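Nothing in this text is a laboratory measurement; each read-out follows from the coordinates by a stated rule. None of the values given here were measured: they were computed from a predicted structure. Cβ coordinates were reconstructed from backbone atoms using ideal geometry, including for glycine residues, and neighbour counts include every protein chain displayed.
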Amino acid sequence: MSMLKKLRSPLYLALLIPALLTIAGDWLAPLDHTFRNARSKIGKHEASQSIVVVSIDDGTSRRDASATSSKNLAEVLEAVRRYMPHRVFIDAPVNFGQDRTGDAELVAAVRDLAPDAAFVVRNEKFVSSSDELQDQDLRIPDAAISKSVPLVVSSWNTNFFDYAISSPYSIDWHGQRLQSFSSALAGADSGPQSTFRPDFLLDPKTVSRIRASSLTSGNFTPGLLTGRTVVVTFEGTVPPIGYYGSGRRFPLDLDIAGAAALTKPVALSLGALPLLFLAWLLIRAGSRSIRKRAKVALHGAALLSVITLPAALEPLGVTLEVSAGLLAVAIYGFSRLWQYRIRRVQLTSASGLPNLLALSAEPLEVGQDVVVAVIARYEEFLATLPKDLHGECARQIARRLGVGSGIDRVYNGEGGHFAWTEEARPLEMQLDHLEGLRALFSAPLEIGSYTFDTNIHFGLDRNEGLDALTRVNSALASANDALASGRAIELYEADRLAEASWELSLHARLDEGLRNGEIWLAYQSQWDMRSGMPSGAEALIRWSHATRGPIPPDAFILQAERAGRIDALTYWVFEEAITAALALNAMGQRFQMSVNLSAQMVDKPGLVPTLIEIVNRRGIDPGLLTVEITETSSVRNRPAAVHNLTHLRRVGFRLSIDDFGTGEASLAYLADLPSDELKLDRRFISKVISHERELKIVKSTIDLAHALGQTVVAEGIEDEATWLKLVQLGCDVGQGYHLGRPMAFQDFRKTILKLGHFHLGSV
């Protein structure tokens with residue numbers, strides 16, 4: 001059993017699988033093919049200038065012919081002989097027997113070149129190493145020629161991509177031994193193996209070539225052929241063959257590359273197994289190493305040896321296949337990564353405790369509560385502790401929870417979250433139990449030499465019948481809510497679970513609401529207190545949902561901000577408000593339109609360019625638009641916000657400080673933010689009649705604003721007495737239900753048209 005377990009380990013799988021695939025056949029050939037093709041494109045070298053190719057070209061024969069004429073070949077050979085080459089190889093099929101005069105001339109020319117000449121016989125069917133050579137595969141010249149000079153054969157073994165792999169040193173044909181063309185070119189008729197591989201790093205484009213027509217006419221560099229090996233070729237309809245790194249080439253290029261390989265110190269192909277065993281030994285040494293650096297270095301060396309060793313040995317003539325070694329490294333690497341991922345999924349990196357995903361994957365028994373505890377300021381604990389004590393911190397917390405709840409298994413999540421399941425008790429008993437757990441944490445944690453006071457909060461899920469992942473996430477959300485609100489325990493109720501899907505999909509529903517008209521703008525009138533006439537309006541967003549009915553703005557604007565949809569929503573409001581402002585101002589009286597701006601947007605770089613583009617495109621005076629800002633305490637980049645607001649005011653927008661006197665909208669705003677208008681909050685306005693203190697606050701604020709050149713808007717005017725008191729105090733603009741409720745634009749326009757000719761006192 002232990003042997004089977006050992007064989008299934010990543011280390012031994014990395015050896016067995018590649019070895020079996022290599023021994024079984026060419027299963028890894030595609031990997032070798034890809035690597036060799038890529039490798040052969042890098043580091044190419046020029047061909048030796050000792051070999052010159054003379055091509056019988058269009059000037060002497062048709063390219064679509066299968067052979068050249070005996071007369072043409074005789075003329076080319078005679079021209080070659082005159083330049084005294086070292087050797088001549090005739091690689092040209094000839095139409096012998098059709099021209100007696102030409103045949104005689106050819107036989108004479110061949111005999112004149114003997115004994116330093118040979119006739120190349122091509123195997124016209126590229127074969128794999130297991131195929132047998134048939135008579136019909138060779139084009140043997142006429143006996144008159146073959147008796148005059150020796151024959152050499154060009155025959156290449158190919159893979160299933162028709163790329164050349166190897167060539168034999170010689171073949172037996174009817175009891176006659178025919179030397180291979182490449183070995184004859186290199187002068188090496190045998191080697192340590194029966195076959196050899198070509199040198200694919202030789203660039204076939206650098207082989208010296210001249211046209212036969214240039215040779216016979218004397219139009220070429222003198223001395224180019226003298227003392228060199230000359231190959232007279234007629235490629236005709238010879239099919240091309242795959243040449244790694246150079247695409248498909250005529251077989252002659254492979255013959256020359258084979259000769260180049262045979263000039264190296266050795267011509268030895270070791271296959272894939274040596275590199276496999278070397279890589280595996282390095283992997284094995286790394287897996288047994290205790291030191292992390294040594295482990296990484298040895299595993300890196302395994303990968304580098306697979307990639308670099310074949311390239312290093314290639315100049316010596318030693319060929320190694322990389323597929324098995326590369327597969328071994330890949331199998332071991334991916335297996336270890338998978339094991340590491342599984343460990344990361346099941347265990348936390350520091351504490352060794354199972355994490356929340358492990359709890360989510362386990363089936364929950366009936367009658368079990370899911371409890372999640374969160375430790376306040378847990379990240380601060382970890383920031384204070386040395387890294388090697390992080391796990392001990394989590395384990396100590398888990399031990400206290402385990403002892404207090406009588407459980408053996410506590411799950412540890414990120415951010416100081418600890419979870420477990422326990423038998424469900426009546427709710428009051430369960431809440432008392434969790435309060436008792438809180439008491440356990442009244443004693444400080446002692447981690448090494450560090451001491452921490454702890455504050456713990458609990459989230460509880462009792463929704464049986466739901467899947468484990470949902471229940472864990474529910475308890476987790478409840479724990480976070482308890483921490484945020486400062487409550488000890490938060491229970492995740494079933495109705496909240498039903499509401500969660502609505503809240504989480506709200507941003508998609510916003511888009512739908514904008515498309516179908518459920519989201520719309522209401523307009524509430526603003527009145528000039530001196531003239532008693534409508535002078536402007538505030539655009540207020542509304543949502544009338546088909547099934548949920550009216551949704552309060554506070555219920556969806558916050559969600560829009562969280563979902564990152566507030567930008568699109570705000571710019572839509574601006575577009576709609578501008579449409580209304582243009583229509584109202586077309587009635588002949590200047591009408592101001594106010595639009596609220598989210599605190600999340602005031603510091604964004606794109607705010608000002610976008611608003612400028614909108615007003616320019618819509619052709620509206622930005623002075624007709626008032627931008628209302630409130631609660632900039634949530635702005636992350638306050639200097640950028642001030643810069644944006646200053647820029648907006650500079651280009652003509654009016655700025656209003658909304659809800660002045662509440663939250664952060666205080667005197668600090670007047671010092672920091674550029675503005676044209678203050679809006680007094682309704683909580684002050686509603687008490688100006690009944691409370692002397694609020695009356696004095698409102699009066700002093702109006703006086704201060706006027707001293708600073710600000711317009712004052714009072715919102716929340718609910719009755720005539722409040723209106724008259726604010727007129728007396730010198731307030732500039734009023735807004736409230738007494739003056740007009742928010743309404744759809746068509747109703748608002750009709751109301752303004754009706755009231756436009758009447759003084760407020762007669763309304």
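General observations
- This model, with +1 at the C-beta of Lys and Arg and -1 at the C-beta of Asp and Glu, gives the range 51-269 a dipole about its Cα centre of some 480 debye.
- Convex hull of Cα atoms in the range 51-269, direction-averaged projection (nm²): 11.8
- Contact order relative to length of the chain, as percent, for alpha carbon pairs under 8 angstrom and 6 or more apart: 9
- Subtracting the Cα-Cα distance of E423 and V403 from 0.36 nm times their residue separation leaves 5.7 nm of extension gain.
- Order of L20, L225, L680 - criterion: other Cβ atoms within 10 Å of each residue's Cβ, fewest first: L20, L225, L680
- Helix 390-405 vs. the chain, principal-axis angle (Cα, 0 to 90°, nearest 10): 60
- From the alpha carbon centroid of the range 666-743 to that of the range 281-307 is 77 Å.
- Unit charges at the beta carbon, dipole of the range 356-503: most positive-side option, L359, S474, A398: A398
- This model, with +1 at the C-beta of Lys and Arg and -1 at the C-beta of Asp and Glu, gives the chain a dipole about its Cα centre of some 1920 debye.
- Dipole of the range 51-269 [Lys/Arg +1, Asp/Glu -1 at C-beta], most positive-end residue of T158, W173, P204: P204
- Only aspartates and glutamates eight or more places from K725 in sequence, or on another chain, were considered; those with a Cα closer than 17 Å are D528, D681, E692, E694, D703, E715.
- Between K696 and R638, the C-beta separation translates, for a Förster distance of 41 Å, into a calculated FRET efficiency of about 0.85.
- Net dipole in debye of the range 379-504 [+1 Lys, Arg Cβ; -1 Asp, Glu Cβ; about Cα centre; nearest 20]: 360
- With each label modelled as a point 7 angstrom along the Cα→C-beta vector, the F334-L13 pair spans 1.0 nm.
- DSSP bridge analysis restricted to the range 51-269 gives an antiparallel fraction near 30%, rounded to the nearest 5.
- Applying a threshold of 24 Å to the alpha-carbon distances of K679/K699; K295/K387; K41/K295; K71/K205; K604/K699 flags K41/K295; K71/K205; K604/K699 as lying beyond it.
- Net lengthening on full extension, W27/D554 (0.36 nm per residue, minus Cα-Cα): 183.2 nm
- For K147, a cut-off of 17 angstrom between C-alpha atoms picks up these aspartates and glutamates, skipping any fewer than 8 places away in its own chain: D91, D103, E105, D112, D116.
- Listed candidates (1) 45; (2) 65; (3) 37 - label of the one calculated as percent of Cα pairs over 40 Å apart: (2)
- Over the range 356-503, Cα pairs under 8 Å with separation of 6+ residues give a relative contact order of 32 percent.
- Per-residue ellipticity at 222 nm from helix content only, as computed over the chain with -39500 (n - 2.57) for each DSSP H run of at least four residues, stands at -13500 deg cm²/dmol.
- Helix 427-440 axis versus longest C-alpha principal axis of the chain: approximately 80°, rounded to the nearest ten.
- Note on R288 and E380: the model spin-label points, each 7 Å out from Cα along the C-beta direction, lie 5.1 nm apart.
- Amide N proximity, the range 563-600 versus L753 label position 7 Å along Cα-to-Cβ, cut-off under 16 Å: 580-589
- Summary value for the range 51-269: 32 percent relative contact order, contacts being C-alpha pairs under 8 angstrom separated by 6+ residues.
- Ordering A546, N585, I290 by the projection of their Cα atoms onto the charge dipole of the chain, which places +1 on the Cβ of Lys and Arg and -1 on the Cβ of Asp and Glu, puts I290 at the extreme positive end.
- Extending 7 Å from the Cα toward the beta-carbon at both Q176 and H45 defines two label points whose distance is 3.6 nm.
- The protection proxy used here, the mean number of other Cβ atoms lying within 10 Å of each residue, ranks peptides 288-297, 332-341, 25-34 as follows, highest first: 25-34, 332-341, 288-297.
- The overall shape of the range 712-752 is prolate: from the C-alpha gyration tensor, with semi-axes ordered a ≥ b ≥ c, the ratio a/c is 1.5 or greater and a/b exceeds b/c.
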